[in-house]
Structures are given as C-alpha cells and as structure tokens.
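The values are calculated or read from the model by the stated rules, or taken from the named source; none is laboratory data. Keep in mind that what you see is a predicted model, and the values were worked out from it rather than measured. Cβ placement follows ideal geometry from the backbone for every residue including glycine, while neighbour counts extend to all protein chains displayed. Note: areas computed on protein heavy atoms with side chains; ligands, DNA, RNA excluded. Shrake-Rupley method; radii C 1.70, N 1.55, O 1.52, S 1.80 Å.
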Amino acid sequence: MEVWSGCLSNFVLPSRNTEMKLDKQRSRHTTEREFGGTLGATCIPVLLPLTVLYLLSVCRSPGASLLQWPPPLPPTSQLWDPVAPMLLLGWLALQSFLYMLPVGKVAEGMVLRDGSRLKYPINGFHSFCISAILLGLTLWLGMPLGYLFELLFPLAVCSMGMSFLLSLYLYLRSFWAPYQALSLGGNTGNPLYDFFMGRELNPRIGRFDLKYFCELRPGLMGWVVINLAMLMKEVELRGSPSFAMLLVNVFQLLYVMDALWNEEAVLTTMDIVHDGFGFMLVFGDMAWVPFTYSLQAIFLVIHPQSLSAIGGIAIIALNGMGYYIFRRSNSQKNQFRRDPTHPSVAGLETIATATGKRLLVSGWWGLVRHPNYLGDLLMATAWSLPCGVSHLLPYFYIIYFTVLLIHREARDEKQCRRKYGLAWDTYCRRVPYRIIPYIY
Ligand SMILES: NC(=O)C1=CN([C@@H]2O[C@H](COP(=O)(O)OP(=O)(O)OC[C@H]3O[C@@H](n4cnc5c(N)ncnc54)[C@H](OP(=O)(O)O)[C@@H]3O)[C@@H](O)[C@H]2O)C=CC1
Ligand SMILES: CC(C)=CCC[C@@H](C)[C@H]1CC=C2C3=C(CC[C@@]21C)[C@@]1(C)CC[C@H](O)C(C)(C)[C@@H]1CC3
C-alpha cells in the first residue's frame, strides 16, 4: 500500500482531500498482523502478567531455578497491600507533575501523516535529578526504602492492574480520535488485536503525551528505585552492599541516566514513530521494565554472590565496551539524521534512497545493521555476570532481550525495505550481518 501511494504521488499530485481519503482507506484496511496475530494478542496479555509473578516468585525462592515447577504464589495477603496503590499513584503524580514543569527545551517529533509535528518537553533528566533529590531527602528522614522488597508483589500486581485499565482507556478513547491519529499497525478492526497493538499513535490529554511520558519516566525510573531498594535491603540484612549489588546498581543507573540524558533520541524510535500505544507498550513500560529488569538486584538479596576484584574489573570492562558501542552508534545515527553535514558524520560513506534520505554504509552502521543492539546485548551480559553462573534466572534478561531484539530487527527491516526499496537491498548486500559481525 505504501508503494502504491508512493507511485501515485510520483505521477499526480493529489489534493489534500484525496490524500486524506486515501489515508482513511489505508488506516481502515490494515491487514498485516504482527506478534502472532489475534492468537498472540489474546495469549500475550494473559501470559505476560503470569510471567512477571512467576519470575518474582522464583527469584525469591531459595532454589531460584527457572526450570523448576512454579513455586506456589504467595498468599493473597502478600499479593495485596493498600500501601502499594498509594505509592504507585504518588509516584505517577510526581512524575506527571515533573513532566509538566516548564524546564528544559521543547523538541519537535517526526512529521506525522497529516504533515504536522508534535511538540515534546525534553526535561526527563531534570525530572530524574529532582526525583533523586526527593528520594535522598526521604531516605535522610528515615524512610525504610528496603521495605519495597516486601512490597514487590503488591506493587507488581497494582502496576499490572493499572496497565490493563490504562490500555482499556486508550482503546476506548481511540474511537473518538480522528482517523489520521490512528497507527497503521493497530487498526485492523479486531478488538483483541487492536487493544494489544494500540489504535492511537500519540494519545494526548491536552499537551500531556501519554506514550512519550510512559516510555521513559515512571517505569524506567521506577526500575532504578527498585534496584536501590534492593541494595538497602541487602544493607539491612548483611550490614553493607556487596560488590555484585553495587555493580548491578551502577550499570543499570548509567543505562537509565543515559536514556534520559538523550531523551530527544526516543522521538525517532519505532515505538514513538510507528507503534500505537496499546497493551504491549503500556504493560512493557509500566510493569515489565520495572519488575523484570530489576530481577538481578532482587536475586542478589536472597542469593548473595562473592565476586573477585579481577572478575569485577572484567565485567566493568565488558559493560564499558557495550556502552561505548551502544552510545557511539546511536549518537552517530541521530547526528546523521539531524544534520548529515555535521563534521562528525559528513565524511562517512552513504547510499542514496528514493525518499531523499541517505543510509550510512560506513562507520558503526557499516559494521553491522544494528550496532546499537550489539552494544545493548553486551551490557545485558555484564548486568547478569555479577550474579554468578550457578543460576539461570539472572540471565533471563539476556534471553528475553535477545528474542526481543531479533524480532525488533525483523520488524524494522520490513519497514525499511518498504520505505527504501532497492536502496535497502543494496545496504543489506554492503552490510550483510544484522547484529553480530560474521555471526548473525
Ligand atoms: N532496553 C530495552 O529494553 C530496549 C532497548 N532498545 C534500544 O533502543 C535503541 C533504539 O532501537 P530501535 O528503535 O529498535 O532502532 P534503531 O535505533 O536501530 O533505529 C532503526 C532505524 O534507524 C534508521 N537506520 C537504519 N539503518 C540505518 C543506516 N544505515 N543509516 C541511517 N539510518 C539507518 C532507520 O530509520 P530511518 O531511516 O527512518 O531514520 C531504521 O528504521 C537501541 O539502542 C536498542 O538497543 C530497544 C528496545 C528495547
Ligand atoms: C515483553 C514486553 C511487554 C515487551 C514490550 C517491550 C518494551 C518493554 C520495550 C520496547 C522498547 C523499549 C525501549 C526501552 C525500554 C523497553 C521498551 C519499552 C528504552 C526506553 C530503554 C532505554 C534505552 O536507552 C532506550 C531509550 C533506547 C529504549 C527505547 C526502547
């Protein structure tokens, strides 16, 4: 359909009205399905919450074996605590307030189908610093942050419940949205599939952008708070934090701070540009990230590990290398997309595409087609190694992340082939490996 409309615009110049009609037709007739289609969209929302509860139960059990029969869920009294919804709502209210603060610059997003561009506040790093100061203050006043260890189940249950409610709200409100505001992928007419993928592309309440807010703030910062709480719990139990716990905390803190420092780059990711805001992203942002990305720190509370200085240095080097590849490759592409004449990218070899945009074929993007994924995977390995090699559970993140990135790469590839046609094939011939040089 994209090719069809591309050809049309080459030969005739459709009026705005005709374009809108075409777009309306296109958005009404999305047939392509991802994530296993309707079956996937029905099963995943059931399986994901069960997986979160399973992982948390296993992580806190003495054996911590991913291959064991699921340990019994804690009694209902441990799954629910009225403090959990209060903490969660308080955290969301604080992050929403900080999001609305008129600090930092305002950036424009990518051009939308109706030709407009949305404005986004770039104040994630400010919000992070203010949240850190407030957290520091409450700790100084004696707040027992380590108590979050006891609250993990109720907090996860509340976050998951809230993800369902928010996804339902987003699905329902999308029927009042103009068709141009709908995402092409989440608009098939099948309620289960559309609920899962998200119908509306950029749902907003006034100037509050719900998807952009959720992508980087409550869940991502919540992950760091949970990690810190596990460190405090370890101090409570053993008197001081272990080297392994410190490494996991510092590595993941660096990752989250990097994301917030480079907040503007999120505006060009697939999630913001292409995907609707539905259950998949809502659940991913609000429940999956904070409660599964923190598994290593939770694991270390119950399963302390001793790590030698040499081992620690090797892991730090691995994380440093991963971070270097991740950051340099992401920045190179962002710089190139923002200003291809900038001295840092002007000398790189590129190939032209019919859209007018060029593709890098040298530098990081000449090494493999997703150098940023390679860096991310190296970091993921460095986050698990401090937990030793006696258990598989701390390696869950790498397994999940590898599957996610391979699937994401395939989705991106499809979109790029549609966008760039022959030029993309030329790029793939020039750069044959996807993520790992000479291997994949
Ligand atoms: N921790 C986590 O859970 C997750 C982390 N990530 C990380 O998020 C980051 C962003 O990932 P993601 O949004 O998937 O994709 P990328 O940042 O890799 O962006 C892909 C896009 O880059 C552009 N592009 C591709 N090849 C070239 C080239 N040779 N030259 C110029 N532009 C090119 C294309 O867009 P166009 O041409 O339109 O500009 C393509 O659609 C990654 O670092 C990833 O590791 C992602 C998912 C989960
Ligand atoms: C299993 C499940 C529900 C999957 C949903 C996937 C989401 C968890 C991820 C999709 C893309 C993401 C990104 C980040 C976090 C995870 C999700 C939401 C990200 C914010 C992490 C920090 C990075 O620096 C990033 C900003 C590049 C990244 C963007 C994509």
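Descriptive notes on the structure:
- Relative contact order (%) - the chain, alpha-carbon pairs under 8 angstrom, separation at least six: 17 percent
- The residues of the stretch 200-356 present an accessible area of 38 Å² per residue when probed at 1.4 Å with all protein chains retained.
- Using θ = phi - 60° in the Karplus curve 6.51 cos²θ - 1.76 cosθ + 1.60, the 3J(HN,Hα) couplings for the stretch 93-100 round to 5, 4, 5, 5, 4, 5, 4, 7 Hz; x is entered for Gly and Pro.
- On Cα atoms only, tilt of 16-28 relative to the major axis of the chain in degrees: 50 degrees
- Simple spin-label estimate for Tyr433 and Phe164 in nanometres, 7 Å along Cα-Cβ: 4.5 nm
- If you bin all the Cα-Cα distances of the stretch 161-318 at 10 Å, starting from zero, the percentages per bin are 10, 33, 26, 18, 11, 2.
- Globularity index of the stretch 391-440 is 1.45 (Cα radius of gyration / 2.2 N^0.38 Å, N = number of residues).
- Around the amide H of Gly186, modelled in the peptide plane, lie the amide H atoms of Gly276, all under 5 Å away and 5 or more residues distant in sequence or on another chain.
- Stretching Ile133 away from Thr381 to a fully extended chain increases their span by 86.2 nm, per 0.36 nm per residue minus the current alpha-carbon distance.
- Cut-off of 10 Å, at most 15 other beta carbons, DSSP loop: longest stretch of the chain lacking such GluC sites (Glu not before Pro): 33-348
- The Cα atoms of the chain cover 73, 48, 46 Å along the three principal axes, with the biggest extent listed first.
- Taking θ as phi - 60° and the Karplus parameters 6.51, -1.76 and 1.60, the scalar couplings of the stretch 264-281 work out to 4, 5, 5, 5, 9, 6, 4, 4, 7, 7, 10, 7, x, 9, x, 3, 4, 6 Hz in sequence order, x denoting glycine and proline.
- Panel note: the C-alpha atoms of the stretch 142-230, placed on their principal axes, show extents of 51, 27, 18 Å (largest first).
- Each label was represented as a point 7 Å from its Cα along the Cα-to-Cβ direction; for Ser57 and Tyr147 these points are 2.7 nm apart.
- Computed from the C-beta positions of Val250 and Leu404, the FRET efficiency with R₀ = 25 Å rounds to 0.60.
- Space enclosed by the convex hull of the alpha-carbon atoms of the stretch 258-334, per residue, Å³: 113 Å³
- Solvent-accessible surface (1.4 angstrom probe) belonging to Lys357, in square angstrom, nearest 10: 90 Å²
- Degrees separating the helix 148-173 axis from the principal Cα axis of the chain, which is the longest one: 20 degrees
- Per-residue extension of 0.36 nm, minus the Cα-Cα distance of Asp339 and Leu367, leaves a gain of 7.9 nm for this segment.
- All Cα pairs of the stretch 292-370, percent lying beyond 15 Å: 69 percent
- Sequence of His370, His274 when ordered by accessible area, the most exposed leading, probe 1.4 angstrom: His274, His370
- Of all DSSP bridge pairs formed entirely within the chain, close to 100 percent run antiparallel.
- Computed label-point distance, nm, for sites Ser65 and Asp425 using a 7 Å Cα→Cβ extension: 5.2 nm
- Split the accessible area of the stretch 98-154 by element, probe 1.4 Å, and carbon with sulfur accounts for 73%.
- Helix 2-11 axis, angle to the chain major axis (alpha carbon atoms, nearest 10°): 30 degrees
- Taking Tyr169, Tyr397 and ordering them by how much accessible surface each has at a 1.4 Å probe, largest first, produces Tyr169, Tyr397.
- List Ser163, Ser331, Ser308, ordered by accessible area with a 1.4 Å probe, largest first: Ser308, Ser331, Ser163
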